[in-house]
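Step one of this worksheet: look at the structure below.
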């Protein structure tokens, strides 16, 4: 049980960590100042949530690893994030499409976790859901604004959707860890979140004048750790550089 | 020498004099983030809830609480983090809201936007961005006096 719980908490924390780092890459180079600030703020929320998830993961594991140690002293094969969040930023449109596709799942997952039998998980979810509601609202507005925008912005958003949609399916695929979480009353069944997500996606994409790809093929291997894309390793060389060069350095 | 523990009322009043590090016109008690103060035997336990999970002011706030209480002679002190119930802007005191407005930050409203420009009081205002200079604020602009201003997000 505690192994599966640790695994589950790493999945939650690694999603927010990897996406938080990815969008912080925009800091100082976003298209306009307001978007720069918005992306950095979203990154800050996600990194804050990471401290809570990975902090709890470390407690559950009980081997003396805290959130920092888990974030900076593990290599690619130990990360349990979805493949979607490790994908490179691309242009601003692709970054916002990735955010929108993730936020829709993230919000539904956190709402489910608010009813968790594990009080600590329910409390983190209750805290996070307020922040993520805001992320989802902003990402939705941006996807609609750019999708139903100029010819150029529409073309870029459709390209972003075509590229990222194959990473959506992984969010709803269950494995043994999920089954254990469901039977312990800790987390919702991933498959149960799909109908609501699809309805949300269809409504927003229609308004954004974007076409959902017909093929439901899904890449997987991120949340199980079996096979990450090549991008995660490159990202970690940046994110973990200091701890790799100077192990255990502190402020 | 007989020493008595300071009363909880005294501790609350000391905490009400500690300013928020990012918005110094309001205090930590105005912000509504001090959830509880209790004596556990000889140790004072202060329960704090974060505004936003990644707010960088959180660690400074803890340091400021510790500094303020140590200055009052509290030796045994623990700070407890409480996530649930999650902080909401409903816990901002009316005094706090009034001070925000005087300072030029429009206070939060359940309607989701500022009532009026904190400077010229015009109701002709528009949203520039859902995010602002700190996690708790959004950027708005007054269409009458044309000044941009911060709005304290309602959560």
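FYI, it's all coordinate maths here, none of it is from the lab. This structure is a prediction, so every number in the text was calculated from the model and none was measured. Here the Cβ positions follow ideal geometry from the backbone for every residue, glycine too, while neighbour counts run over all protein chains shown.
Over region A:2-245, what is the relative contact order in percent, taking alpha-carbon pairs closer than 8 angstrom and at least six residues apart?
25 percent
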| Between region B:70-111 and region B:1-68, what's the alpha-carbon centroid distance in Å? | 10 Å
| task | Over chain B, calculate the relative contact order: mean separation of alpha carbon pairs under 8 Å at least 6 apart, over the residue count, as a percent. | result | 18 percent
| request: Quick one: P(r) of chain A from all Cα-Cα pairs, 5 Å bins, percents rounded to integers, in order of increasing distance. | output: 1, 6, 13, 19, 20, 18, 12, 7, 3, 1, 0
| Those residues of region A:43-71 whose amide nitrogen sits under 20 Å from the label point placed on residue A:248, 7 Å along Cα→Cβ | A:58-59, A:62-71
| What order, most packed first, do the peptides B:14-22, A:40-48 have when packing is the mean number of other Cβ atoms within 10 Å of each residue? | A:40-48, B:14-22
| query | Dimensions of region B:2-92 along principal axes (Cα, Å, largest first)? | reply | 42, 26, 21
| request: Tell me the label-point distance for the pair residue B:124, residue A:183, using the 7 Å Cα-to-Cβ offset, in nm and rounded to one decimal. | output: 6.6 nm
| message | Please compute, over every Cα-Cα pair in region A:165-210, the percentage with a separation greater than 14 angstrom. | response | 58 percent
| query | Over the C-alpha atoms of region A:64-178, what are the Rg and the largest Cα-to-Cα span, Dmax, in Å? | reply | 16.4, 54
| note | Pseudo-spin-label distance residue A:162 to residue A:237, built 7 Å along Cα→Cβ, given in nm, is 3.0 nm
| message | Taking a cut-off of 18 Å, what percent of all Cα-Cα pairs in region A:142-220 are separated by more than that? | response | 50 percent
| Taking region B:9-155 on its own, what percent of its Cα-Cα pair distances exceed 26 Å? | 30 percent
| query | When only alpha-carbon atoms count, how far does region A:1-143 stretch along each of its three principal axes, as whole angstroms with the largest first? | reply | 45, 32, 21
| field | Helical mean residue ellipticity (222 nm; -39500 (n - 2.57) per DSSP H run of 4+; nearest 500) of chain B | value | -7000 deg cm²/dmol
| Using alpha carbon centroids, what distance separates region A:7-47 and region A:201-251, in Å? | 12 Å
| query | Based on the Cβ-Cβ distance from residue A:224 to residue A:192, what FRET efficiency comes out when R0 is 22 Å, to the nearest 0.05? | reply | 0.70
